[in-house]
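The values are calculated or read from the model by the stated rules, or taken from the named source; none is laboratory data. None of these values were measured; they are calculated from a predicted model. Don't worry about glycine lacking a Cβ; one is built from the backbone with ideal geometry, like all the others, and counts go over all protein chains shown.
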Amino acid sequence: MPGVAPADGWLVAQRRNAEDELLRHVAMMRVDFGAQLDAWPTEQVREVLRSERYFQAVHLPSAFQIHPRNYALGLAAAAEQAGARIFEDTPALAIDSAGVRKRVDTPKGRVRAGHVVLAGGAQLGSAFRAVSETLLPVSTYMAVTAPLGEALGEAIRYRGSVSDPRRGGDYYRIVKGDRLLWGSRVSTRISPPRGLAGTIEREIHDVYPQLGMVKVDHAWSGLMSYAVHKMPLIGEVMPGVWLAGAFGGHGINTTAMAGDLIASAIIAGDDRWRLFSSYELVWTGGAWGRAAAQMLFWARRLQDAVAESLAQRRDSALRRAAEHASREAAERERRAAEAVERRAAEEAARAAAEESAERFAAAQRTASQMAHQAAVQAKPPRRIAGAVAAQKVELRRAACAGGEAELGNEAAYGFDRAPAGSEEKPAAPRQQIKARRKAKRS
(Lines give C-alpha, C1' and ligand atoms only; values in the text may rest on other atoms or scores of the structure.)
Protein backbone atom coordinates (compact mmCIF):
# COMPACT_ATOMS: atom_id res chain seq x y z
CA MET A 1 0.00 0.00 0.00
CA PRO A 2 1.37 3.47 -0.82
CA GLY A 3 2.47 5.54 2.15
CA VAL A 4 2.32 2.74 4.71
CA ALA A 5 6.12 2.95 5.21
CA PRO A 6 6.79 -0.01 7.52
CA ALA A 7 9.67 0.40 9.98
CA ASP A 8 11.25 -2.64 11.61
CA GLY A 9 12.01 -3.10 15.29
CA TRP A 10 10.37 -2.36 18.61
CA LEU A 11 12.23 -1.50 21.80
CA VAL A 12 10.33 -1.61 25.10
CA ALA A 13 12.57 0.23 27.56
CA GLN A 14 12.16 0.12 31.34
CA ARG A 15 11.93 3.38 33.29
CA ARG A 16 13.06 1.58 36.45
CA ASN A 17 15.85 -0.86 37.24
CA ALA A 18 14.15 -4.29 37.12
CA GLU A 19 16.62 -6.57 35.37
CA ASP A 20 15.55 -9.83 37.05
CA GLU A 21 11.89 -9.20 36.29
CA LEU A 22 12.67 -8.42 32.67
CA LEU A 23 14.80 -11.54 32.24
CA ARG A 24 11.99 -13.73 33.61
CA HIS A 25 9.54 -12.12 31.18
CA VAL A 26 11.85 -12.70 28.21
CA ALA A 27 12.39 -16.35 29.21
CA MET A 28 8.64 -16.90 29.55
CA MET A 29 7.89 -15.37 26.15
CA ARG A 30 10.57 -17.46 24.49
CA VAL A 31 9.61 -20.77 26.10
CA ASP A 32 5.81 -20.49 26.23
CA PHE A 33 5.17 -18.58 23.01
CA GLY A 34 8.31 -19.02 20.91
CA ALA A 35 8.63 -15.23 20.59
CA GLN A 36 11.71 -13.72 19.01
CA LEU A 37 12.94 -11.13 21.47
CA ASP A 38 16.11 -10.18 23.30
CA ALA A 39 16.96 -8.60 26.64
CA TRP A 40 19.14 -5.53 26.43
CA PRO A 41 21.20 -4.33 29.42
CA THR A 42 21.14 -0.72 30.53
CA GLU A 43 24.42 0.13 28.80
CA GLN A 44 23.17 -1.10 25.44
CA VAL A 45 19.87 0.75 25.82
CA ARG A 46 21.52 4.05 26.70
CA GLU A 47 23.84 3.67 23.75
CA VAL A 48 20.90 4.02 21.33
CA LEU A 49 18.57 6.07 23.54
CA ARG A 50 20.69 8.86 24.97
CA SER A 51 18.66 9.35 28.11
CA GLU A 52 19.22 8.49 31.76
CA ARG A 53 15.51 7.75 32.10
CA TYR A 54 15.90 4.28 30.65
CA PHE A 55 17.34 1.08 32.08
CA GLN A 56 16.96 -2.42 30.60
CA ALA A 57 14.79 -3.14 27.55
CA VAL A 58 13.09 -5.90 25.57
CA HIS A 59 13.93 -5.80 21.87
CA LEU A 60 11.58 -7.34 19.31
CA PRO A 61 13.49 -7.27 16.01
CA SER A 62 10.68 -8.82 13.96
CA ALA A 63 8.05 -6.30 15.09
CA PHE A 64 7.21 -3.38 12.83
CA GLN A 65 5.04 -0.26 12.73
CA ILE A 66 3.29 1.47 9.88
CA HIS A 67 1.45 4.66 9.06
CA PRO A 68 -2.06 3.78 10.37
CA ARG A 69 -4.01 6.42 8.46
CA ASN A 70 -2.47 5.46 5.13
CA TYR A 71 -3.13 1.82 6.03
CA ALA A 72 -6.84 2.60 6.60
CA LEU A 73 -7.01 4.50 3.32
CA GLY A 74 -5.38 1.59 1.55
CA LEU A 75 -7.89 -0.87 3.01
CA ALA A 76 -10.77 1.40 1.96
CA ALA A 77 -9.43 1.60 -1.59
CA ALA A 78 -9.06 -2.18 -1.76
CA ALA A 79 -12.63 -2.64 -0.46
CA GLU A 80 -14.04 -0.26 -3.06
CA GLN A 81 -12.15 -2.06 -5.80
CA ALA A 82 -13.78 -5.29 -4.59
CA GLY A 83 -17.28 -3.70 -4.91
CA ALA A 84 -17.88 -2.30 -1.42
CA ARG A 85 -19.56 1.05 -0.94
CA ILE A 86 -18.32 3.39 1.79
CA PHE A 87 -20.43 6.24 3.20
CA GLU A 88 -18.24 8.59 5.17
CA ASP A 89 -19.62 10.93 7.85
CA THR A 90 -22.71 8.75 8.18
CA PRO A 91 -23.34 7.75 11.80
CA ALA A 92 -25.54 4.79 12.68
CA LEU A 93 -28.41 6.09 14.81
CA ALA A 94 -30.22 2.82 15.53
CA ILE A 95 -29.94 -0.86 14.66
CA ASP A 96 -32.85 -3.26 14.38
CA SER A 97 -31.31 -6.70 14.75
CA ALA A 98 -34.59 -8.65 14.72
CA GLY A 99 -35.40 -10.84 11.76
CA VAL A 100 -33.33 -12.11 8.93
CA ARG A 101 -32.83 -8.71 7.34
CA LYS A 102 -31.19 -6.34 9.80
CA ARG A 103 -31.85 -2.63 9.60
CA VAL A 104 -29.51 0.28 10.28
CA ASP A 105 -30.92 3.82 10.49
CA THR A 106 -28.78 6.81 9.48
CA PRO A 107 -29.51 10.58 9.22
CA LYS A 108 -29.92 10.29 5.45
CA GLY A 109 -31.34 6.85 4.93
CA ARG A 110 -31.81 3.26 6.00
CA VAL A 111 -29.62 0.26 5.21
CA ARG A 112 -30.76 -3.39 5.26
CA ALA A 113 -28.41 -6.37 5.30
CA GLY A 114 -28.33 -10.00 6.26
CA HIS A 115 -25.27 -9.45 8.45
CA VAL A 116 -24.20 -6.44 10.48
CA VAL A 117 -20.66 -6.08 11.83
CA LEU A 118 -20.26 -3.75 14.81
CA ALA A 119 -16.73 -2.40 14.40
CA GLY A 120 -17.19 1.12 15.73
CA GLY A 121 -15.57 0.52 19.09
CA ALA A 122 -16.19 3.29 21.60
CA GLN A 123 -18.09 5.32 18.97
CA LEU A 124 -21.05 2.91 18.88
CA GLY A 125 -22.86 5.04 21.43
CA SER A 126 -26.59 4.46 21.61
CA ALA A 127 -26.79 2.56 18.32
CA PHE A 128 -26.29 -0.78 20.08
CA ARG A 129 -26.11 -0.30 23.86
CA ALA A 130 -25.80 -4.00 24.57
CA VAL A 131 -22.29 -3.73 23.15
CA SER A 132 -21.31 -0.09 23.73
CA GLU A 133 -21.90 -0.40 27.49
CA THR A 134 -19.31 -3.18 27.63
CA LEU A 135 -16.63 -1.00 26.05
CA LEU A 136 -14.62 1.49 28.09
CA PRO A 137 -13.63 4.54 26.00
CA VAL A 138 -10.00 5.52 26.59
CA SER A 139 -8.24 8.44 24.96
CA THR A 140 -4.55 8.68 24.18
CA TYR A 141 -2.67 11.68 22.85
CA MET A 142 -0.29 12.13 19.95
CA ALA A 143 1.89 14.90 18.55
CA VAL A 144 4.43 15.44 15.80
CA THR A 145 7.26 17.90 16.29
CA ALA A 146 8.80 20.41 13.98
CA PRO A 147 12.02 19.33 12.22
CA LEU A 148 14.73 18.85 14.84
CA GLY A 149 17.77 18.41 12.59
CA GLU A 150 20.79 16.26 13.38
CA ALA A 151 20.28 16.59 17.14
CA LEU A 152 17.37 14.14 16.95
CA GLY A 153 19.53 11.46 15.34
CA GLU A 154 22.17 11.94 18.03
CA ALA A 155 19.65 11.63 20.85
CA ILE A 156 17.67 8.71 19.38
CA ARG A 157 19.87 6.32 17.44
CA TYR A 158 17.27 3.55 17.28
CA ARG A 159 15.17 3.74 14.11
CA GLY A 160 12.34 1.46 15.20
CA SER A 161 9.52 2.19 17.61
CA VAL A 162 10.25 2.92 21.28
CA SER A 163 7.89 2.59 24.23
CA ASP A 164 7.90 1.90 27.95
CA PRO A 165 5.67 -0.51 29.92
CA ARG A 166 4.09 2.08 32.21
CA ARG A 167 0.34 2.52 32.21
CA GLY A 168 -0.07 5.41 29.81
CA GLY A 169 3.65 5.51 29.11
CA ASP A 170 5.45 7.15 26.21
CA TYR A 171 5.70 5.68 22.72
CA TYR A 172 7.46 7.34 19.82
CA ARG A 173 9.56 7.00 16.69
CA ILE A 174 11.36 9.18 14.17
CA VAL A 175 9.34 10.07 11.07
CA LYS A 176 10.33 11.96 7.92
CA GLY A 177 13.99 11.91 8.88
CA ASP A 178 14.10 14.56 11.60
CA ARG A 179 10.63 14.78 13.13
CA LEU A 180 9.51 12.98 16.26
CA LEU A 181 6.12 11.30 16.46
CA TRP A 182 5.30 11.14 20.17
CA GLY A 183 2.38 9.64 22.06
CA SER A 184 1.68 9.39 25.77
CA ARG A 185 -0.90 9.26 28.57
CA VAL A 186 -4.33 7.66 28.72
CA SER A 187 -7.58 9.09 30.01
CA THR A 188 -11.29 8.28 30.02
CA ARG A 189 -11.89 11.85 28.91
CA ILE A 190 -13.04 11.81 25.29
CA SER A 191 -12.21 15.40 24.33
CA PRO A 192 -8.55 16.50 24.13
CA PRO A 193 -7.30 18.53 27.13
CA ARG A 194 -6.17 22.13 26.90
CA GLY A 195 -2.49 22.77 26.40
CA LEU A 196 -1.91 19.30 24.94
CA ALA A 197 0.96 20.46 22.71
CA GLY A 198 2.78 22.12 25.62
CA THR A 199 2.34 19.04 27.81
CA ILE A 200 3.91 16.80 25.18
CA GLU A 201 6.74 19.29 24.61
CA ARG A 202 7.60 19.15 28.32
CA GLU A 203 7.46 15.35 28.31
CA ILE A 204 9.90 15.19 25.39
CA HIS A 205 12.22 17.65 27.14
CA ASP A 206 12.08 15.58 30.34
CA VAL A 207 13.32 12.48 28.51
CA TYR A 208 15.71 14.17 26.06
CA PRO A 209 16.82 17.49 27.57
CA GLN A 210 19.63 17.75 25.01
CA LEU A 211 16.99 18.54 22.36
CA GLY A 212 16.02 21.72 24.18
CA MET A 213 12.41 22.88 24.19
CA VAL A 214 11.08 21.27 21.02
CA LYS A 215 8.21 22.73 19.05
CA VAL A 216 5.11 20.62 18.38
CA ASP A 217 3.54 21.31 15.00
CA HIS A 218 0.38 19.30 15.53
CA ALA A 219 -1.26 17.45 18.46
CA TRP A 220 -4.41 15.35 18.58
CA SER A 221 -6.20 12.65 20.58
CA GLY A 222 -7.29 9.17 19.60
CA LEU A 223 -10.13 7.15 21.10
CA MET A 224 -9.71 3.46 21.88
CA SER A 225 -11.98 0.92 23.51
CA TYR A 226 -11.15 -1.57 26.26
CA ALA A 227 -13.06 -4.50 27.69
CA VAL A 228 -13.03 -5.22 31.42
CA HIS A 229 -10.99 -8.39 30.83
CA LYS A 230 -8.67 -6.45 28.43
CA MET A 231 -9.15 -8.98 25.62
CA PRO A 232 -10.58 -8.26 22.15
CA LEU A 233 -14.27 -8.92 21.59
CA ILE A 234 -14.56 -11.02 18.41
CA GLY A 235 -17.55 -13.16 17.43
CA GLU A 236 -21.31 -13.34 16.83
CA VAL A 237 -23.40 -11.45 19.38
CA MET A 238 -26.71 -12.76 17.98
CA PRO A 239 -27.61 -14.35 14.68
CA GLY A 240 -26.42 -12.07 11.92
CA VAL A 241 -24.88 -9.48 14.29
CA TRP A 242 -21.10 -9.65 14.62
CA LEU A 243 -18.74 -7.79 16.90
CA ALA A 244 -15.11 -6.72 16.41
CA GLY A 245 -13.96 -4.34 19.13
CA ALA A 246 -12.01 -3.66 22.32
CA PHE A 247 -8.66 -3.63 20.54
CA GLY A 248 -7.12 -1.06 22.86
CA GLY A 249 -3.54 -2.02 23.68
CA HIS A 250 -3.40 -4.87 21.14
CA GLY A 251 -2.39 -3.04 17.98
CA ILE A 252 -3.76 -3.02 14.47
CA ASN A 253 -2.55 -6.56 13.79
CA THR A 254 -5.41 -7.90 15.93
CA THR A 255 -7.95 -5.83 13.99
CA ALA A 256 -6.83 -7.42 10.72
CA MET A 257 -7.11 -10.87 12.28
CA ALA A 258 -10.61 -10.12 13.54
CA GLY A 259 -11.71 -8.94 10.09
CA ASP A 260 -10.40 -12.12 8.51
CA LEU A 261 -12.13 -14.37 11.08
CA ILE A 262 -15.53 -12.65 10.73
CA ALA A 263 -15.36 -12.52 6.92
CA SER A 264 -14.51 -16.23 6.81
CA ALA A 265 -17.36 -17.00 9.22
CA ILE A 266 -19.95 -15.07 7.15
CA ILE A 267 -18.84 -16.37 3.77
CA ALA A 268 -17.52 -19.85 4.50
CA GLY A 269 -18.98 -20.72 7.90
CA ASP A 270 -15.53 -20.75 9.53
CA ASP A 271 -15.95 -21.12 13.31
CA ARG A 272 -12.46 -20.16 14.47
CA TRP A 273 -13.98 -17.05 16.00
CA ARG A 274 -15.28 -19.31 18.77
CA LEU A 275 -11.76 -19.31 20.20
CA PHE A 276 -12.71 -15.87 21.61
CA SER A 277 -16.15 -16.88 22.87
CA SER A 278 -14.92 -17.28 26.47
CA TYR A 279 -14.31 -13.51 26.65
CA GLU A 280 -17.87 -12.37 27.19
CA LEU A 281 -19.52 -8.97 27.24
CA VAL A 282 -19.05 -7.42 30.70
CA TRP A 283 -20.67 -4.17 31.72
CA THR A 284 -18.08 -1.47 32.38
CA GLY A 285 -20.14 0.44 34.99
CA GLY A 286 -21.22 3.42 32.92
CA ALA A 287 -20.11 6.85 34.16
CA TRP A 288 -19.08 5.45 37.54
CA GLY A 289 -16.99 2.84 35.79
CA ARG A 290 -15.24 5.50 33.73
CA ALA A 291 -14.57 7.55 36.87
CA ALA A 292 -13.17 4.48 38.63
CA ALA A 293 -11.00 3.71 35.62
CA GLN A 294 -9.68 7.27 35.64
CA MET A 295 -8.84 7.01 39.33
CA LEU A 296 -7.06 3.76 38.59
CA PHE A 297 -5.08 5.41 35.78
CA TRP A 298 -4.03 8.22 38.10
CA ALA A 299 -3.08 5.78 40.86
CA ARG A 300 -1.04 3.66 38.45
CA ARG A 301 0.62 6.74 37.04
CA LEU A 302 1.52 7.91 40.56
CA GLN A 303 2.82 4.45 41.39
CA ASP A 304 4.95 4.44 38.24
CA ALA A 305 6.21 7.94 39.03
CA VAL A 306 7.24 6.92 42.55
CA ALA A 307 8.95 3.76 41.29
CA GLU A 308 10.72 5.76 38.58
CA SER A 309 11.83 8.41 41.06
CA LEU A 310 13.23 5.78 43.41
CA ALA A 311 14.96 4.07 40.50
CA GLN A 312 16.51 7.36 39.42
CA ARG A 313 17.71 8.08 42.96
CA ARG A 314 19.23 4.62 43.31
CA ASP A 315 20.86 4.97 39.91
CA SER A 316 22.26 8.38 40.86
CA ALA A 317 23.51 6.99 44.16
CA LEU A 318 25.14 4.05 42.39
CA ARG A 319 26.77 6.38 39.87
CA ARG A 320 28.06 8.62 42.65
CA ALA A 321 29.37 5.59 44.54
CA ALA A 322 31.01 4.28 41.38
CA GLU A 323 32.57 7.68 40.69
CA HIS A 324 33.77 7.90 44.32
CA ALA A 325 35.22 4.40 44.12
CA SER A 326 36.84 5.28 40.81
CA ARG A 327 38.36 8.42 42.30
CA GLU A 328 39.60 6.48 45.31
CA ALA A 329 41.07 3.80 43.06
CA ALA A 330 42.75 6.48 40.96
CA GLU A 331 44.08 8.12 44.12
CA ARG A 332 45.40 4.77 45.37
CA GLU A 333 47.03 4.15 42.02
CA ARG A 334 48.54 7.63 42.08
CA ARG A 335 49.92 7.12 45.59
CA ALA A 336 51.25 3.68 44.66
CA ALA A 337 52.90 5.15 41.56
CA GLU A 338 54.43 7.94 43.65
CA ALA A 339 55.69 5.38 46.19
CA VAL A 340 57.19 3.32 43.38
CA GLU A 341 58.81 6.44 41.96
CA ARG A 342 60.16 7.38 45.38
CA ARG A 343 61.56 3.90 45.91
CA ALA A 344 63.07 3.97 42.45
CA ALA A 345 64.62 7.39 43.15
CA GLU A 346 65.97 6.16 46.50
CA GLU A 347 67.38 3.03 44.87
CA ALA A 348 68.94 5.15 42.13
CA ALA A 349 70.46 7.52 44.73
CA ARG A 350 71.72 4.57 46.78
CA ALA A 351 73.18 2.94 43.68
CA ALA A 352 74.79 6.24 42.68
CA ALA A 353 76.26 6.64 46.18
CA GLU A 354 77.57 3.08 46.17
CA GLU A 355 79.03 3.59 42.72
CA SER A 356 80.69 6.85 43.85
CA ALA A 357 82.06 5.13 46.97
CA GLU A 358 83.38 2.29 44.86
CA ARG A 359 85.04 4.77 42.49
CA PHE A 360 86.54 6.65 45.46
CA ALA A 361 87.79 3.39 47.04
CA ALA A 362 89.19 2.31 43.71
CA ALA A 363 90.93 5.65 43.34
CA GLN A 364 92.35 5.32 46.87
CA ARG A 365 93.55 1.80 46.13
CA THR A 366 95.15 2.98 42.93
CA ALA A 367 96.85 5.88 44.67
CA SER A 368 98.06 3.60 47.47
CA GLN A 369 99.41 1.12 44.97
CA MET A 370 101.16 3.88 43.05
CA ALA A 371 102.66 5.27 46.28
CA HIS A 372 103.77 1.80 47.33
CA GLN A 373 105.38 1.21 43.97
CA ALA A 374 107.15 4.54 44.16
CA ALA A 375 108.39 3.74 47.65
CA VAL A 376 109.55 0.32 46.57
CA GLN A 377 111.35 1.82 43.60
CA ALA A 378 113.03 4.47 45.84
CA LYS A 379 114.43 1.92 48.43
CA PRO A 380 117.61 -0.17 47.63
CA PRO A 381 117.19 -3.84 47.37
CA ARG A 382 117.06 -5.66 50.68
CA ARG A 383 120.20 -7.73 49.99
CA ILE A 384 122.26 -4.68 49.15
CA ALA A 385 120.94 -2.93 52.20
CA GLY A 386 121.83 -5.98 54.30
CA ALA A 387 125.34 -6.09 52.91
CA VAL A 388 125.77 -2.37 53.51
CA ALA A 389 124.49 -2.79 57.05
CA ALA A 390 126.90 -5.73 57.65
CA GLN A 391 129.75 -3.72 56.22
CA LYS A 392 128.87 -0.84 58.53
CA VAL A 393 128.80 -3.23 61.47
CA GLU A 394 132.23 -4.58 60.50
CA LEU A 395 133.58 -1.07 60.11
CA ARG A 396 132.21 -0.13 63.51
CA ARG A 397 133.72 -3.21 65.06
CA ALA A 398 137.02 -2.47 63.41
CA ALA A 399 136.82 1.13 64.54
CA CYS A 400 136.06 0.05 68.04
CA ALA A 401 138.94 -2.43 68.02
CA GLY A 402 141.36 0.22 66.67
CA GLY A 403 140.26 2.72 69.26
CA GLU A 404 140.85 0.34 72.09
CA ALA A 405 144.37 -0.47 70.76
CA GLU A 406 145.24 3.22 70.58
CA LEU A 407 143.97 3.68 74.08
CA GLY A 408 146.21 0.87 75.22
CA ASN A 409 149.26 2.41 73.55
CA GLU A 410 148.49 5.77 74.98
CA ALA A 411 148.09 4.25 78.38
CA ALA A 412 151.39 2.37 78.01
CA TYR A 413 153.47 5.14 76.66
CA GLY A 414 151.67 8.16 78.08
CA PHE A 415 151.07 11.51 76.43
CA ASP A 416 153.61 14.02 75.31
CA ARG A 417 153.73 16.89 77.72
CA ALA A 418 153.57 20.31 76.33
CA PRO A 419 156.49 22.49 76.92
CA ALA A 420 156.36 24.88 79.75
CA GLY A 421 154.66 28.11 78.96
CA SER A 422 152.59 26.68 76.10
CA GLU A 423 148.92 27.87 75.95
CA GLU A 424 147.54 24.55 74.63
CA LYS A 425 146.69 21.98 77.24
CA PRO A 426 146.65 18.31 76.42
CA ALA A 427 143.14 16.70 76.08
CA ALA A 428 142.08 14.09 78.40
CA PRO A 429 142.31 10.58 77.01
CA ARG A 430 138.61 9.80 77.57
CA GLN A 431 137.43 12.91 75.78
CA GLN A 432 139.56 12.05 72.80
CA ILE A 433 138.06 8.60 72.57
CA LYS A 434 134.54 10.05 72.58
CA ALA A 435 135.42 12.52 69.88
CA ARG A 436 136.78 9.75 67.64
CA ARG A 437 133.66 7.62 68.11
CA LYS A 438 131.40 10.50 67.26
CA ALA A 439 133.45 11.18 64.13
CA LYS A 440 133.12 7.53 63.08
CA ARG A 441 129.36 7.55 63.57
CA SER A 442 128.94 10.62 61.49
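Scanning region 196-245 for residues that are under 30 Å from Ile267 (Cα atoms) and among the β-branched types (Val, Ile, Thr) yields Ile234, Val237, Val241. You will find that of Thr134, Thr145, Thr140, the residue that is at pLDDT 95 or above and of a type in the set (S, T, N, Q) is Thr145 and no other.
Restricting attention to region 92-115, and to residues there that are in contact with a Pro (Cβ under 9 Å, 6 or more places away or on another chain) and free of Cβ contacts under 8 Å to residues at least 24 places away in the same chain, which single residue is surrounded by the fewest Cβ atoms within 10 Å (Cβ to Cβ)? Looking at residues that are in contact with a Pro (Cβ under 9 Å, 6 or more places away or on another chain) and free of Cβ contacts under 8 Å to residues at least 24 places away in the same chain, I get Pro107. Answer yes or no: is there a residue in region 21-33 that is assigned to a loop (DSSP other than H, G, I, E, B) and either more than 27 Å from Leu152 (Cβ to Cβ) or not assigned by TED's automatic domain parsing to the domain that holds Arg157 (or both). No - not one qualifying residue is present in region 21-33.
Picking from residues in region 116-133 that are surrounded by fewer than 19 Cβ atoms within 10 Å (Cβ to Cβ) and of a type in the set (S, T, N, Q), the one that is farthest from Gly251 (Cα to Cα) is Ser126.
Residues in region 226-240 that are part of a loop (DSSP other than H, G, I, E, B) and of a type in the set (A, V, I, L, M): Ala227, Val228, Met231. In region 241-260, the condition of being over 30 Å from Ala151 (Cβ atoms), touching a residue at least 12 places away in the same chain (Cβ under 8 Å), part of a strand (DSSP E or B) and within 43 Å of the chain's Cα centre (by Cα) is met by no residue. What do you reckon, is Val111 in a strand (DSSP E or B) and over 51 Å from the mean Cα position of the chain (by Cα)? Judged against the criteria, Val111 is a match. Scanning region 66-92 for residues that are in contact with a strand residue (DSSP E or B) (Cβ under 6 Å, 6 or more places away or on another chain) and either of a type in the set (Val, Ile, Thr) or at pLDDT below 90 (or both) turns up just one, Thr90.
Taking region 34-63 as the range and being surrounded by 20 or more Cβ atoms within 10 Å (Cβ to Cβ), free of Cβ contacts under 8 Å to residues at least 60 places away in the same chain and not in a strand (DSSP E or B) as the test, the residues that pass are Val45, Gln56. Please go through (1) free of Cβ contacts under 8 Å to residues at least 24 places away in the same chain; (2) under 30 Å from Ala98 (Cβ atoms); (3) part of a strand (DSSP E or B) for Pro137 and return the number of the only condition it doesn't satisfy. For Pro137, the failing item is (1). Criterion first (aliphatic (A, V, I, L, M), without any contact (Cβ under 8 Å) to a residue 12 or more places away in the chain and closer than 22 Å to Ile252 by Cα) does Ala76 satisfy it? Answer is yes for this residue. Residues of region 1-20 that are among the aliphatic types (A, V, I, L, M) and part of a loop (DSSP other than H, G, I, E, B): Met1, Val4, Ala5, Ala18. Just to be sure before I move on: is Ala7 small (Gly, Ala, Ser), surrounded by fewer than 20 Cβ atoms within 10 Å (Cβ to Cβ) and at pLDDT below 90 in the structure I sent? Against the criterion (small (Gly, Ala, Ser), surrounded by fewer than 20 Cβ atoms within 10 Å (Cβ to Cβ) and at pLDDT below 90), Ala7 qualifies.
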